[in-house]
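Single-structure report; data block below.
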Amino acid sequence: MDAFAVSISAGTTPHLRSHWAKFRISFHFGLFQGLLPILGWFIGQRVVHIISEIDHWIAFILLSSIGIKMIYEAWKNVHPSLKSNPSKGSQLLLLSFATSIDAFVVGFSLALLNIDIWIPSAVIGVITALMSLIGIRIGQVFNQLLGRRMEMVGGIILILIGLRVLGSHLL
């Protein structure tokens, strides 16, 4: 659901007009959601305890900083060619990782329950990719209706997701 919400937010940007850009986001979100449980499954108990202590802070910082940047760019009315492109480079990797940190812990949990990881990871990855495509389209529709204000809303959504992740771990 985090990847879906982030996809809605990404869909509000002007960079996702091409099918290739939409594919990059949905592919990376699905890939990270599918691979991180496998990684967690293999890494083992020691590392998970370390990461589980800070994973919520990492997700909060990454999502909030990207959200603040989106709000700033919409507020300052930055030319679309100068706005951050969530479908390329470091921003794509950060968003993919930030929405998938919990999947690492899920993989570890499945290992403790002696559940095979391959089919659940494949299902998680494919469903995430499909939901991301749907989210991008929803964001584009909202952007057509509301314009620049929707980019601000997209940034706020990212910050709220970061706060939800943080709150769910701290409370």
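The values are calculated or read from the model by the stated rules, or taken from the named source; none is laboratory data. Remember, it's a predicted structure, so these values are computed and weren't measured experimentally. All Cβ positions, glycine included, derive from the backbone under ideal geometry; neighbour counts span all protein chains shown.
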Cβ-Cβ under 8 Å pairs, at least 6 apart or on other chains, the stretch 6-19 side outside any loop (DSSP other than H, G, I, E, B), far side among the basic types (K, R) and surrounded by fewer than 24 Cβ atoms within 10 Å (Cβ to Cβ): G11/R137
Subset tally (residues that are surrounded by fewer than 21 Cβ atoms within 10 Å (Cβ to Cβ) and either of a type in the set (D, E) or at pLDDT 70 or above (or both)) for the stretch 63-84: 10
Residue identified as under 20 Å from F60 (Cβ atoms) and either in contact with a Pro (Cβ under 6 Å, 6 or more places away or on another chain) or modelled with pLDDT of 90 or more (or both) among V153, V106, V165, V126: V106
Among residues of the stretch 85-96, those that are touching a helix residue (DSSP H, G or I) at 6+ places or on another chain (Cβ under 6 Å) and surrounded by fewer than 18 Cβ atoms within 10 Å (Cβ to Cβ), counted: 1
Options D116, D102; residue that is of a type in the set (D, E), in a loop (DSSP other than H, G, I, E, B) and either in contact with a Leu (Cβ under 9 Å, 6 or more places away or on another chain) or surrounded by 19 or more Cβ atoms within 10 Å (Cβ to Cβ) (or both): D116
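So is F42 surrounded by 14 or more Cβ atoms within 10 Å (Cβ to Cβ), more than 20 Å from I156 (Cβ to Cβ), at pLDDT 85 or above and not basic (K, R) or not?
Working: surrounded by 14 or more Cβ atoms within 10 Å (Cβ to Cβ): no; more than 20 Å from I156 (Cβ to Cβ): yes; at pLDDT 85 or above: yes; not basic (K, R): yes.
Against the criterion (surrounded by 14 or more Cβ atoms within 10 Å (Cβ to Cβ), more than 20 Å from I156 (Cβ to Cβ), at pLDDT 85 or above and not basic (K, R)), F42 does not qualify.
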Leading residue by the ranking (surrounded by the fewest Cβ atoms within 10 Å (Cβ to Cβ)) among those in the stretch 119-135 that are of a type in the set (G, A, S) and within 13 Å of F32 (Cα to Cα): A122
Filter result for G162 (in a helix (DSSP H, G or I) and in contact with a Gly (Cβ under 9 Å, 6 or more places away or on another chain)): yes
